[in-house]
1. Out of curiosity, is Phe23 exposed (fewer than 10 other Cβ atoms within 10 Å of the Cβ) and at pLDDT 95 or above?
2. Output the residues belonging to segment 35-53 that are open to solvent by 80 Å² or more (accessible area, probe 1.4 Å) and in a helix (DSSP H, G or I).
3. Val29 - would you say it is at pLDDT below 95, of a type in the set (Val, Ile, Thr) and surrounded by 13 or more Cβ atoms within 10 Å (Cβ to Cβ)?
4. Give the number of residues within segment 1-20 that are surrounded by 13 or more Cβ atoms within 10 Å (Cβ to Cβ) and modelled with pLDDT under 95.
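The values are calculated or read from the model by the stated rules, or taken from the named source; none is laboratory data. Fair warning: this is a prediction, and the values are worked out from it, not measured in the lab. Here Cβ is always computed from backbone atoms with ideal geometry, including for glycine, and neighbour counts include all displayed protein chains. Side chains are part of the model used for accessible areas, which takes the heavy atoms of the whole protein and leaves out ligands, DNA and RNA. Shrake-Rupley method; radii C 1.70, N 1.55, O 1.52, S 1.80 Å.
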Amino acid sequence: MNEISIRRPLEERIKMVLLYAQFQNYEEVRRQWHFHFATSPPKFTTIKAVFERFQQTGSVEDLPRSGHPATSTTPEDL
């Protein structure tokens with residue numbers, strides 16, 4: 001499974017921004033990662049995308065998606 005299909009938790013995205021702001025180096029963010037999380041370090045493209053989103057929007061939250069929201073039907077709904 002590739003990283004694009006796996007959403008990083010908010011805590012990890014915040015740490016990406018903080019580490020990149022501190023070191024200004026994507027590889028250093030990846031090296032520092034194991035000091036903070038037991039997960040594999042994010043890819044360069046993920047760090048870059050999260051940091052750029054933070055610079056543009058001031059947030060690391062996912063952007064709203066277009067289209068109809070997903071719905072599901074459970075037995076309780078019937």
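1. Working: exposed (fewer than 10 other Cβ atoms within 10 Å of the Cβ): no; at pLDDT 95 or above: yes.
Taking the combined requirement at face value, the residue does not satisfy it.
2. Phe35, Phe44, Thr45
3. Values: at pLDDT below 95: no; of a type in the set (Val, Ile, Thr): yes; surrounded by 13 or more Cβ atoms within 10 Å (Cβ to Cβ): yes.
For Val29, the condition - at pLDDT below 95, of a type in the set (Val, Ile, Thr) and surrounded by 13 or more Cβ atoms within 10 Å (Cβ to Cβ) - is not met.
4. 1
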